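Values in this text are rule-based calculations from the coordinates and carry no lab data. A quick note: this is a predicted structure, and the numbers were derived from the prediction, not measured. Reconstructed Cβ throughout: ideal geometry from the backbone, glycine too, with neighbour counts over all protein chains shown.
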Amino acid sequence: MIENNKIIVVGSTNMDMVVKTGHIPVPGETVLGGDFFMNPGGKGANQAVAIARLGGKVVFVSRIGDDVFGKQSVQLFEEEGIDISGLTPDGEEPSGVALITVDEVGENSIVVAPGANARLLPGDVLQVLKKHEDIGYMLIQLEIPMDTVKEALGYARSRGIQVILNPAPVNKKVMDLFEYIDVITPNVKEAEMLSGRNIQSIEDAVEAAQVIREKGVGKVVITLGKNGAVVLDEVSWSHIAAREVATVDTTAAGDAFNGALVVALSEGKALEDAVSFACDAAAIVVTRMGAQSAMPYRKEVILNHIK
Ligand code: RIB
């Protein structure tokens with residue numbers, strides 16, 4: 001019998017250019033920030049690294065530029081033990097780049113120049129899926145073309161692969177694909193967009209989750225930052241609290257969460273337990289600057305678990 005606990009991550013690879021600043025500038029404003037640093041990012045790549053560090057078996061599908069950033073990313077993925085057979089160097093577009101500012105309380109603002117990520121094709125995903133019969137889970141985000149997301153989801157459904165979709169950056173077109181999604185993981189802003197509800201409390205988040213589920217998604221997990229997450233399945237909802245930590249940088253907290261969530265699901269954990277593990281992973285990432293460099297290892301998450 002084929003074990004089907006391998007995870008496919010379909011998504012973006014970026015190089016992040018980060019500046020720490022007292023406050024995030026408003027339109028027309030220039031601010032003098034702190035130190036600049038560059039570190040590998042991209043929602044897809046961050047999630048793949050999180051999975052590898054947390055002990056999951058992961059194959060990553062992404063497009064990188066045929067340039068120095070692309071080469072650095074490949075080297076890092078190999079060092080992390082990620083299967084890179086799904087990486088395609090693109091001859092026409094450069095690697096994706098993200099410009100990130102992080103303020104004093106760790107909140108960020110991000111602008112992405114997608115570059116090669118905008119040329120990730122449905123065929124790039126399908127050829128990897130066809131090669132790996134043991135894939136049981138797909139983790140996918142929205143920094144790649146919507147047509148590719150659509151095809152990937154349709155094929156995953158035809159194979160019985162569980163789909164976890166992280167709707168970031170949010171795009172309302174994803175609502176047309178809700179029936180193909182087993183678990184959706186919006187943050188508050190994304191959940192507000194997808195539900196049309198304003199979220200100020202846990203009760204509001206539960207109501208937003210109900211609206212999203214009624215539109216056809218299997219299960220809904222709304223991440224609430226330092227307030228943990230709300231989980232809604234076919235029968236009930238629950239609230240999972242997050243550990244209190246000193247936040248330095250919230251960049252990639254959602255990526256750590258999603259990577260950890262799918263690892264726990266691939267190990268057969270129930271959704272609530274998987275969300276608890278994911279909250280613990282995200283609580284570690286926010287105490288460190290950066291994206292991939294901040295991803296926790298499994299033993300750190302287990303050591304910091306409060307239950
Ligand atoms: O989720 C954080 C990521 O968003 C960053 O690494 C940046 O590259 C953007 O994709």
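Among the DSSP beta bridges whose two residues both lie in the chain, what percent are antiparallel, rounded to the nearest 5? Please report the intermediate quantities before stating the final value.
Numbers: 20 of 51 bridges.
Taking every DSSP beta bridge within the chain, about 40 percent pair in antiparallel fashion.
Based on the alpha carbons, how large is the Rg to Rh ratio for the range 245-307 when Rh follows Kirkwood?
Numbers: Rg = 10.9 Å, Rh = 11.4 Å.
Ratio of gyration radius to Kirkwood radius for the range 245-307: 0.95.
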*Residues in the range 205-227 near a label at Glu272, defined as backbone nitrogen under 13 Å from the 7 Å Cα→Cβ point?*
none
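Based on a Kirkwood Rh over C-alpha pairs, give the Stokes-Einstein translational diffusion coefficient of the chain at 10 °C and viscosity 1.306 mPa s in µm²/s.
Values: Rh = 19.1 Å.
D = 83 µm²/s.
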*Please list 121-128, 188-195, 297-304, 90-97 highest first by mean number of surrounding beta-carbon atoms within 10 Å per residue.*
188-195, 90-97, 121-128, 297-304
*Taking the Cα atoms of the range 224-276 alone, what are Rg (to one decimal) and Dmax (as a whole number) in Å?*
11.8, 37
*For the range 28-43 and the range 81-104, distance of Cα centres in Å*: 16 Å
*Give or take rounding to whole Å, what are the principal axis extents of the alpha carbon atoms in the range 90-157, in descending order?*
46, 30, 18
*Near the amide H of Gly86, under 5 Å away, which other amide H atoms are found, from residues 5 or more places off or on another chain, if H is placed in the peptide plane?*
Phe60
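Return a whole-number percent for the relative contact order of the range 214-307, with Cα pairs under 8 Å and 6 or more residues apart as the contact set.
Relative contact order comes out at 26 percent.
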*Of Val74, Val26, how do they rank once you tally other Cβ atoms within 10 Å and put the fewest first?*
Val26, Val74
_In Hz, Karplus ³J(HN,Hα) per residue of the range 9-21 (6.51, -1.76, 1.60; θ = phi - 60°; x = Gly, Pro)_ = 9, 10, x, 8, 10, 10, 10, 8, 10, 10, 10, 7, 9
*asked:* Explain nothing, just compute: Karplus ³J(HN,Hα) = 6.51 cos²θ - 1.76 cosθ + 1.60, θ = phi - 60°, for every residue of the range 160-177 in order, whole Hz, x for Gly and Pro.
replied: x, 7, 6, 9, 10, 10, 9, x, 10, x, 5, 9, 4, 4, 5, 5, 6, 10
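What is the fewest-to-most order of Glu244, Glu272 by other Cβ atoms lying within 10 Å of their Cβ? Let's see the in-between values first.
Details: Glu244 9, Glu272 16.
So the residues, fewest neighbours to most, are Glu244, Glu272.
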_5 angstrom amide H check on Asn187, placed H, neighbours 5+ away_ = Thr223
*asked:* Among Gln200, Val125, Met17, which residue has its Cα furthest toward the positive end of the charge dipole of the chain, with +1 on Lys/Arg Cβ and -1 on Asp/Glu Cβ?
replied: Val125
_In whole Hz and in residue order, list the ³J(HN,Hα) couplings for the range 72-77 that follow from phi through the Karplus curve 6.51 cos²θ - 1.76 cosθ + 1.60, θ = phi - 60°; x for Gly and Pro._
4, 4, 4, 4, 5, 4
*Any chance you could tell me what percent of the C-alpha pair distances in the range 107-239 go past 18 Å?*
55 percent
_Bins of 10 Å, beginning at zero and ending with the bin holding the largest distance: percent of Cα pairs per bin for the range 174-265, please._
16, 52, 29, 4
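Let's test the formula: R0 of 25 Å, r as the Cβ-Cβ distance of Tyr297 and Glu244. What FRET efficiency results, to the nearest 0.05? Walk me through the numbers on the way to the answer.
Working: r = 21 Å, r/R0 = 0.85.
About 0.75, to the nearest 0.05.
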*What residues have an amide H closer than 5 Å to that of Val163, excluding those fewer than 5 places away on the same chain, when H is modeled at 1.01 Å from N in the peptide plane?*
Met138, Asp182, Val183
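What number do you get for the range 1-148 when its Cα radius of gyration is normalised by 2.2 N^0.38 Å, N = residues?
Working: Rg = 16.6 Å, N = 148, 2.2 N^0.38 = 14.7 Å.
After normalising by residue count via 2.2 N^0.38 Å, the value is 1.13.
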*Leaving out same-chain residues fewer than 8 places away, which lysines sit with a Cα under 26 Å from that of Lys150?*
Lys6, Lys43, Lys57, Lys130, Lys131, Lys172, Lys173, Lys189, Lys215, Lys219
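Using only Cα atoms, what Kirkwood radius does the range 25-93 have, in angstroms? Display every interim value, and only then the final one.
Numbers: mean 1/r = 0.0724 Å⁻¹.
Averaging 1/r across every pair of different Cα atoms and inverting gives 13.8 Å.
What share of the DSSP beta bridges in the range 97-205 is antiparallel, in percent to the nearest 5? Could you put the intermediate results ahead of the total?
Values: 6 of 12 bridges.
So the antiparallel bridges in the range 97-205 amount to around 50 percent.
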*Size of electric dipole in the chain: Cβ of Lys, Arg +1 and of Asp, Glu -1, about Cα centre, debye, nearest 20*: 420 debye
